[in-house]
Amino acid sequence: MKYTIVAVMALAASAAWALEFETPHVGADLILEYLHFSGDSVYNAQGIYMGDENRFRIRKVAVLLEGRAGENISYMAEAAIAACGGGSNLSIMEAGIFIDPAEIPFRIGLGQLHASRGYSLSEECGQMLLLEKPVWRKTVVPSCHSMGALSEFEAGLGSAGSISSQIGYYNGSSGTSEEDWDFVGWLQYHTPVEGLSAGGFYEKLHLDMNFENEGLEEGERMGFGLDMDNGTVAARVEYLAMTGVPVASVPAGCTATGEEVENTGLLFQAGYTFDPGVYWATGIRPYAGYQVWDRWSNADDGDWKFSWMEAGVQVNIEPESWVNLGWRGPAGTPEDHPEDSSVLVFRMGTEI
(Lines give C-alpha, C1' and ligand atoms only; values in the text may rest on other atoms or scores of the structure.)
Protein backbone atom coordinates (compact mmCIF):
# COMPACT_ATOMS: atom_id res chain seq x y z
CA MET A 1 0.00 0.00 0.00
CA LYS A 2 2.69 2.49 0.98
CA TYR A 3 4.59 1.92 -2.27
CA THR A 4 1.39 2.53 -4.24
CA ILE A 5 0.85 5.88 -2.51
CA VAL A 6 4.43 7.01 -3.15
CA ALA A 7 4.15 5.89 -6.78
CA VAL A 8 0.92 7.84 -7.28
CA MET A 9 2.50 10.99 -5.86
CA ALA A 10 5.54 10.52 -8.11
CA LEU A 11 3.31 10.04 -11.16
CA ALA A 12 1.37 13.18 -10.26
CA ALA A 13 4.59 15.16 -10.13
CA SER A 14 5.67 13.71 -13.50
CA ALA A 15 2.30 14.52 -15.06
CA ALA A 16 2.51 18.12 -13.87
CA TRP A 17 5.94 18.45 -15.51
CA ALA A 18 4.79 16.80 -18.75
CA LEU A 19 1.81 19.15 -19.05
CA GLU A 20 4.06 22.16 -18.40
CA PHE A 21 2.37 22.93 -15.11
CA GLU A 22 4.26 24.73 -12.41
CA THR A 23 6.85 22.40 -10.89
CA PRO A 24 5.29 21.07 -7.69
CA HIS A 25 6.90 21.57 -4.31
CA VAL A 26 7.78 18.32 -2.56
CA GLY A 27 8.55 18.38 1.14
CA ALA A 28 8.85 15.99 4.05
CA ASP A 29 8.36 16.05 7.83
CA LEU A 30 9.95 13.60 10.25
CA ILE A 31 9.14 13.64 13.98
CA LEU A 32 10.27 10.88 16.37
CA GLU A 33 9.92 10.80 20.15
CA TYR A 34 10.31 8.98 23.44
CA LEU A 35 7.55 9.08 26.09
CA HIS A 36 8.15 8.37 29.78
CA PHE A 37 5.03 8.14 31.98
CA SER A 38 4.83 8.71 35.73
CA GLY A 39 1.86 7.88 37.93
CA ASP A 40 -0.41 4.99 38.75
CA SER A 41 -2.87 5.40 35.90
CA VAL A 42 -2.94 6.67 32.34
CA TYR A 43 -6.22 7.80 30.80
CA ASN A 44 -7.04 9.16 27.38
CA ALA A 45 -8.96 12.39 26.74
CA GLN A 46 -12.26 10.56 27.27
CA GLY A 47 -11.27 9.22 30.69
CA ILE A 48 -10.82 5.64 29.48
CA TYR A 49 -7.90 3.68 30.96
CA MET A 50 -5.29 3.06 28.29
CA GLY A 51 -2.45 1.37 30.20
CA ASP A 52 0.26 3.28 28.33
CA GLU A 53 3.86 2.35 29.01
CA ASN A 54 7.16 4.05 28.28
CA ARG A 55 7.97 3.77 24.61
CA PHE A 56 9.62 5.15 21.51
CA ARG A 57 7.31 5.98 18.64
CA ILE A 58 6.92 7.72 15.29
CA ARG A 59 4.97 10.89 15.96
CA LYS A 60 4.78 11.78 12.28
CA VAL A 61 6.47 10.93 8.99
CA ALA A 62 4.96 12.72 6.01
CA VAL A 63 5.62 13.52 2.37
CA LEU A 64 3.85 16.59 1.00
CA LEU A 65 3.18 17.48 -2.63
CA GLU A 66 1.66 20.83 -3.57
CA GLY A 67 1.62 23.14 -6.55
CA ARG A 68 -0.43 24.81 -9.26
CA ALA A 69 -1.92 23.36 -12.44
CA GLY A 70 -2.01 26.56 -14.44
CA GLU A 71 -3.28 29.95 -13.33
CA ASN A 72 -6.56 28.85 -11.77
CA ILE A 73 -6.05 25.45 -10.12
CA SER A 74 -4.02 24.51 -7.05
CA TYR A 75 -3.58 21.09 -5.49
CA MET A 76 -1.96 19.36 -2.54
CA ALA A 77 -1.58 15.88 -1.08
CA GLU A 78 0.10 14.48 2.01
CA ALA A 79 0.90 10.83 2.68
CA ALA A 80 1.85 10.17 6.29
CA ILE A 81 2.21 7.90 9.26
CA ALA A 82 1.09 9.81 12.36
CA ALA A 83 0.21 8.99 15.95
CA CYS A 84 -3.10 10.81 15.54
CA GLY A 85 -3.97 8.50 12.65
CA GLY A 86 -3.12 5.21 14.33
CA GLY A 87 0.63 5.47 13.99
CA SER A 88 1.26 2.24 12.06
CA ASN A 89 -0.08 2.51 8.50
CA LEU A 90 0.79 4.94 5.74
CA SER A 91 -2.30 6.77 4.53
CA ILE A 92 -3.39 9.89 2.69
CA MET A 93 -3.82 12.36 5.54
CA GLU A 94 -4.59 15.42 3.42
CA ALA A 95 -5.54 16.05 -0.21
CA GLY A 96 -7.24 18.84 -2.08
CA ILE A 97 -7.98 20.37 -5.48
CA PHE A 98 -9.13 23.98 -5.60
CA ILE A 99 -10.25 26.61 -8.05
CA ASP A 100 -7.66 29.10 -6.91
CA PRO A 101 -7.06 32.09 -9.22
CA ALA A 102 -3.49 33.28 -8.82
CA GLU A 103 -4.51 36.96 -8.77
CA ILE A 104 -7.43 36.67 -6.32
CA PRO A 105 -7.15 35.76 -2.58
CA PHE A 106 -10.00 33.22 -2.85
CA ARG A 107 -10.25 29.50 -3.43
CA ILE A 108 -13.01 26.90 -3.47
CA GLY A 109 -12.87 23.16 -3.96
CA LEU A 110 -12.85 19.69 -2.44
CA GLY A 111 -10.38 18.53 0.15
CA GLN A 112 -9.50 16.48 3.18
CA LEU A 113 -7.71 18.72 5.65
CA HIS A 114 -7.86 20.46 9.02
CA ALA A 115 -11.13 22.36 9.24
CA SER A 116 -10.62 25.65 11.08
CA ARG A 117 -12.02 24.84 14.52
CA GLY A 118 -9.96 27.48 16.27
CA TYR A 119 -6.22 28.06 16.27
CA SER A 120 -5.00 24.97 18.10
CA LEU A 121 -7.09 22.39 16.24
CA SER A 122 -6.04 23.84 12.86
CA GLU A 123 -2.31 23.40 13.38
CA GLU A 124 -0.20 20.67 11.84
CA CYS A 125 1.73 18.24 14.00
CA GLY A 126 5.19 19.68 14.61
CA GLN A 127 4.04 23.28 14.26
CA MET A 128 2.39 23.40 17.69
CA LEU A 129 3.95 25.26 20.60
CA LEU A 130 2.75 22.65 23.10
CA LEU A 131 3.43 18.93 22.86
CA GLU A 132 -0.05 18.03 21.63
CA LYS A 133 -3.35 19.63 20.70
CA PRO A 134 -5.83 20.41 23.49
CA VAL A 135 -6.98 17.47 25.62
CA TRP A 136 -10.57 17.93 24.40
CA ARG A 137 -9.67 17.51 20.71
CA LYS A 138 -11.37 14.10 20.28
CA THR A 139 -14.50 15.32 22.02
CA VAL A 140 -14.84 18.30 19.68
CA VAL A 141 -14.73 16.04 16.62
CA PRO A 142 -13.65 12.38 16.25
CA SER A 143 -11.26 12.98 13.33
CA CYS A 144 -8.48 15.55 12.91
CA HIS A 145 -8.97 15.73 9.14
CA SER A 146 -12.34 16.43 7.53
CA MET A 147 -13.35 15.56 3.96
CA GLY A 148 -15.73 17.86 2.13
CA ALA A 149 -16.25 21.08 0.20
CA LEU A 150 -14.81 24.35 1.42
CA SER A 151 -14.06 27.91 0.43
CA GLU A 152 -11.50 30.38 1.76
CA PHE A 153 -10.95 34.07 1.20
CA GLU A 154 -8.85 36.95 2.46
CA ALA A 155 -9.65 40.66 2.25
CA GLY A 156 -7.44 43.62 3.07
CA LEU A 157 -8.63 46.43 5.33
CA GLY A 158 -5.89 48.91 4.52
CA SER A 159 -4.03 50.17 7.57
CA ALA A 160 -6.54 48.32 9.80
CA GLY A 161 -5.15 44.90 8.83
CA SER A 162 -7.09 42.16 7.04
CA ILE A 163 -9.67 39.41 7.53
CA SER A 164 -9.71 35.81 6.35
CA SER A 165 -12.35 33.11 6.46
CA GLN A 166 -12.97 29.42 5.85
CA ILE A 167 -16.41 27.86 5.38
CA GLY A 168 -16.75 24.11 4.96
CA TYR A 169 -19.38 21.38 4.62
CA TYR A 170 -17.92 17.97 5.47
CA ASN A 171 -18.66 14.30 5.92
CA GLY A 172 -19.72 13.39 9.42
CA SER A 173 -18.36 10.73 11.75
CA SER A 174 -19.67 7.87 9.57
CA GLY A 175 -17.86 9.15 6.49
CA THR A 176 -21.04 10.36 4.78
CA SER A 177 -22.78 13.72 4.48
CA GLU A 178 -26.37 12.46 4.28
CA GLU A 179 -27.46 12.30 7.92
CA ASP A 180 -24.36 13.21 9.90
CA TRP A 181 -22.99 16.20 8.00
CA ASP A 182 -20.62 18.64 9.63
CA PHE A 183 -20.61 22.41 9.02
CA VAL A 184 -17.74 24.66 10.16
CA GLY A 185 -17.34 28.42 9.70
CA TRP A 186 -14.23 30.39 10.75
CA LEU A 187 -13.47 34.12 10.69
CA GLN A 188 -10.09 35.63 11.59
CA TYR A 189 -9.03 39.25 11.98
CA HIS A 190 -5.34 39.98 11.36
CA THR A 191 -4.46 43.15 13.26
CA PRO A 192 -1.88 45.73 12.13
CA VAL A 193 0.38 44.45 14.93
CA GLU A 194 2.80 41.91 13.46
CA GLY A 195 1.71 38.36 14.26
CA LEU A 196 -1.37 39.33 16.31
CA SER A 197 -4.82 38.07 15.31
CA ALA A 198 -8.24 37.24 16.74
CA GLY A 199 -10.52 34.51 15.46
CA GLY A 200 -13.68 32.57 16.14
CA PHE A 201 -15.56 29.57 14.76
CA TYR A 202 -18.98 27.94 14.83
CA GLU A 203 -19.69 24.28 14.09
CA LYS A 204 -22.81 22.16 13.82
CA LEU A 205 -22.29 18.39 13.62
CA HIS A 206 -23.99 15.04 14.18
CA LEU A 207 -22.69 12.34 16.53
CA ASP A 208 -23.81 9.19 18.32
CA MET A 209 -24.52 10.68 21.75
CA ASN A 210 -27.05 8.21 23.12
CA PHE A 211 -27.05 4.45 22.48
CA GLU A 212 -30.76 4.28 23.34
CA ASN A 213 -31.75 6.56 20.46
CA GLU A 214 -31.83 5.44 16.86
CA GLY A 215 -29.72 7.60 14.60
CA LEU A 216 -27.47 10.52 15.46
CA GLU A 217 -27.97 13.63 17.57
CA GLU A 218 -27.08 17.19 16.63
CA GLY A 219 -24.42 19.09 18.55
CA GLU A 220 -22.79 22.49 18.42
CA ARG A 221 -19.30 23.85 19.01
CA MET A 222 -18.11 27.43 19.13
CA GLY A 223 -14.96 29.15 20.22
CA PHE A 224 -12.79 32.22 19.96
CA GLY A 225 -9.25 33.21 20.77
CA LEU A 226 -6.32 35.58 20.47
CA ASP A 227 -3.03 34.47 18.93
CA MET A 228 0.39 36.12 18.77
CA ASP A 229 3.34 34.75 16.81
CA ASN A 230 5.91 37.18 15.43
CA GLY A 231 8.85 34.77 15.33
CA THR A 232 10.04 35.76 18.79
CA VAL A 233 6.96 35.86 21.01
CA ALA A 234 4.34 33.10 20.74
CA ALA A 235 1.24 33.41 22.92
CA ARG A 236 -2.36 32.23 22.76
CA VAL A 237 -5.56 32.23 24.77
CA GLU A 238 -8.45 30.17 23.45
CA TYR A 239 -11.95 29.39 24.72
CA LEU A 240 -14.25 26.60 23.53
CA ALA A 241 -17.86 25.65 24.30
CA MET A 242 -19.58 22.41 23.26
CA THR A 243 -23.20 21.27 23.39
CA GLY A 244 -23.51 17.51 22.98
CA VAL A 245 -20.59 15.08 23.29
CA PRO A 246 -19.92 11.55 21.97
CA VAL A 247 -20.93 8.64 24.19
CA ALA A 248 -17.27 7.89 24.92
CA SER A 249 -16.74 11.45 26.20
CA VAL A 250 -19.45 11.38 28.87
CA PRO A 251 -17.43 11.52 32.12
CA ALA A 252 -17.67 8.74 34.68
CA GLY A 253 -20.40 9.48 37.20
CA CYS A 254 -22.34 11.77 34.87
CA THR A 255 -26.07 11.01 35.00
CA ALA A 256 -26.91 12.87 31.77
CA THR A 257 -26.75 11.47 28.24
CA GLY A 258 -24.29 12.77 25.69
CA GLU A 259 -26.71 15.14 23.94
CA GLU A 260 -27.50 16.80 27.29
CA VAL A 261 -23.89 17.40 28.33
CA GLU A 262 -22.17 20.73 27.76
CA ASN A 263 -18.40 21.26 27.92
CA THR A 264 -16.13 24.28 28.12
CA GLY A 265 -12.40 24.49 27.62
CA LEU A 266 -9.84 27.23 28.24
CA LEU A 267 -6.24 27.17 27.02
CA PHE A 268 -3.27 29.46 27.73
CA GLN A 269 0.15 29.05 26.16
CA ALA A 270 3.25 31.20 25.76
CA GLY A 271 6.80 30.85 24.49
CA TYR A 272 9.78 33.07 23.77
CA THR A 273 12.53 32.39 21.21
CA PHE A 274 16.01 33.86 21.61
CA ASP A 275 19.39 33.45 19.94
CA PRO A 276 21.78 31.74 22.37
CA GLY A 277 24.83 32.92 20.45
CA VAL A 278 26.35 29.45 20.10
CA TYR A 279 27.29 27.61 16.93
CA TRP A 280 25.22 24.49 17.68
CA ALA A 281 21.83 26.22 18.03
CA THR A 282 20.00 28.81 15.94
CA GLY A 283 17.37 29.46 18.62
CA ILE A 284 16.07 28.34 22.00
CA ARG A 285 12.39 28.57 22.95
CA PRO A 286 11.17 27.86 26.49
CA TYR A 287 7.39 27.51 26.67
CA ALA A 288 4.55 26.79 29.07
CA GLY A 289 0.85 26.04 28.87
CA TYR A 290 -2.24 25.54 31.01
CA GLN A 291 -5.57 23.92 30.11
CA VAL A 292 -8.87 23.74 32.00
CA TRP A 293 -11.61 21.39 30.77
CA ASP A 294 -15.04 21.47 32.41
CA ARG A 295 -16.48 18.17 31.21
CA TRP A 296 -20.02 18.84 32.49
CA SER A 297 -20.31 22.60 32.62
CA ASN A 298 -24.12 22.61 32.87
CA ALA A 299 -24.25 20.23 35.85
CA ASP A 300 -26.44 21.35 38.75
CA ASP A 301 -23.80 20.35 41.28
CA GLY A 302 -20.41 18.70 41.61
CA ASP A 303 -16.95 19.57 40.34
CA TRP A 304 -16.20 18.46 36.80
CA LYS A 305 -13.17 20.66 36.05
CA PHE A 306 -9.94 18.92 35.04
CA SER A 307 -6.73 20.89 34.46
CA TRP A 308 -3.23 20.27 33.14
CA MET A 309 0.08 22.14 33.18
CA GLU A 310 2.87 21.89 30.65
CA ALA A 311 6.40 23.24 30.32
CA GLY A 312 9.35 22.58 28.07
CA VAL A 313 12.11 23.91 25.89
CA GLN A 314 12.72 23.59 22.16
CA VAL A 315 16.22 23.95 20.74
CA ASN A 316 16.50 24.75 17.03
CA ILE A 317 19.70 23.08 15.86
CA GLU A 318 19.10 24.19 12.27
CA PRO A 319 16.36 26.48 10.90
CA GLU A 320 14.22 23.42 10.10
CA SER A 321 15.53 20.89 12.63
CA TRP A 322 14.95 20.84 16.38
CA VAL A 323 14.83 18.88 19.61
CA ASN A 324 12.16 19.35 22.26
CA LEU A 325 12.06 18.29 25.90
CA GLY A 326 8.65 18.79 27.46
CA TRP A 327 6.55 17.71 30.43
CA ARG A 328 2.80 17.64 30.95
CA GLY A 329 0.86 16.60 34.02
CA PRO A 330 -2.44 17.06 35.85
CA ALA A 331 -2.86 20.31 37.78
CA GLY A 332 -6.30 19.55 39.17
CA THR A 333 -8.60 16.51 39.22
CA PRO A 334 -12.02 16.35 40.92
CA GLU A 335 -12.44 13.89 43.77
CA ASP A 336 -13.56 10.37 42.85
CA HIS A 337 -12.25 10.77 39.29
CA PRO A 338 -9.21 9.03 37.76
CA GLU A 339 -6.11 11.20 37.53
CA ASP A 340 -4.09 11.29 34.36
CA SER A 341 -0.41 10.40 34.63
CA SER A 342 2.25 12.95 33.84
CA VAL A 343 4.44 12.38 30.80
CA LEU A 344 7.96 13.47 29.89
CA VAL A 345 8.55 13.69 26.14
CA PHE A 346 11.82 13.91 24.22
CA ARG A 347 11.12 14.74 20.61
CA MET A 348 13.27 15.31 17.51
CA GLY A 349 12.00 16.75 14.25
CA THR A 350 13.14 17.98 10.87
CA GLU A 351 11.54 19.43 7.75
CA ILE A 352 12.94 18.94 4.26
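The values are calculated or read from the model by the stated rules, or taken from the named source; none is laboratory data. Remember, predicted model here, so these are calculated numbers, not experimental data. Don't worry about glycine lacking a Cβ; one is built from the backbone with ideal geometry, like all the others, and counts go over all protein chains shown.
Selection of the range 211-223 for residues being crowded, with 18+ Cβ neighbours inside 10 Å and out of contact with any strand residue (DSSP E or B) (no Cβ under 6 Å at 6 or more places or on another chain) yields only Glu217.
Residues that are in a strand (DSSP E or B), at pLDDT below 95 and buried (at least 19 other Cβ atoms within 10 Å of the Cβ) within the range 90-110 comprise Met93, Glu94, listed in sequence order.
In the range 280-295, the residues that are touching a residue at least 24 places away in the same chain (Cβ under 8 Å) and hydroxyl-bearing (Ser, Thr, Tyr) form Cβ pairs under 8 Å with partners that are crowded, with 18+ Cβ neighbours inside 10 Å and not in a strand (DSSP E or B), at six or more places apart or across chains, as follows: Tyr287/Leu129; Tyr287/Leu130. Condition check for Phe268 on (1) among the hydrophobic types (A, V, I, L, M, F, W, C); (2) surrounded by 16 or more Cβ atoms within 10 Å (Cβ to Cβ); (3) under 19 Å from the mean Cα position of the chain (by Cα): one failure, at (2).
The combined condition, being farther than 26 Å from Phe346 by Cβ, in contact (Cβ under 8 Å) with a residue 24 or more places away in the chain, touching an Asp or Glu at 6+ places or on another chain (Cβ under 7 Å) and of a type in the set (A, V, I, L, M, F, W, C), is not fulfilled by Val140. From the residues in the range 242-263 that are of a type in the set (A, V, I, L, M, F, W, C) and out of contact with any Asp or Glu (no Cβ under 7 Å at 6 or more places or on another chain), which one is surrounded by the most Cβ atoms within 10 Å (Cβ to Cβ)? Among residues in the range 242-263 that are of a type in the set (A, V, I, L, M, F, W, C) and out of contact with any Asp or Glu (no Cβ under 7 Å at 6 or more places or on another chain), the one surrounded by the most Cβ atoms within 10 Å (Cβ to Cβ) is Val245.
Looking only at residues in the range 132-143 that are touching a strand residue (DSSP E or B) at 6+ places or on another chain (Cβ under 9 Å) and surrounded by fewer than 20 Cβ atoms within 10 Å (Cβ to Cβ), the one that is nearest to Met222 (Cα to Cα) is Pro142.
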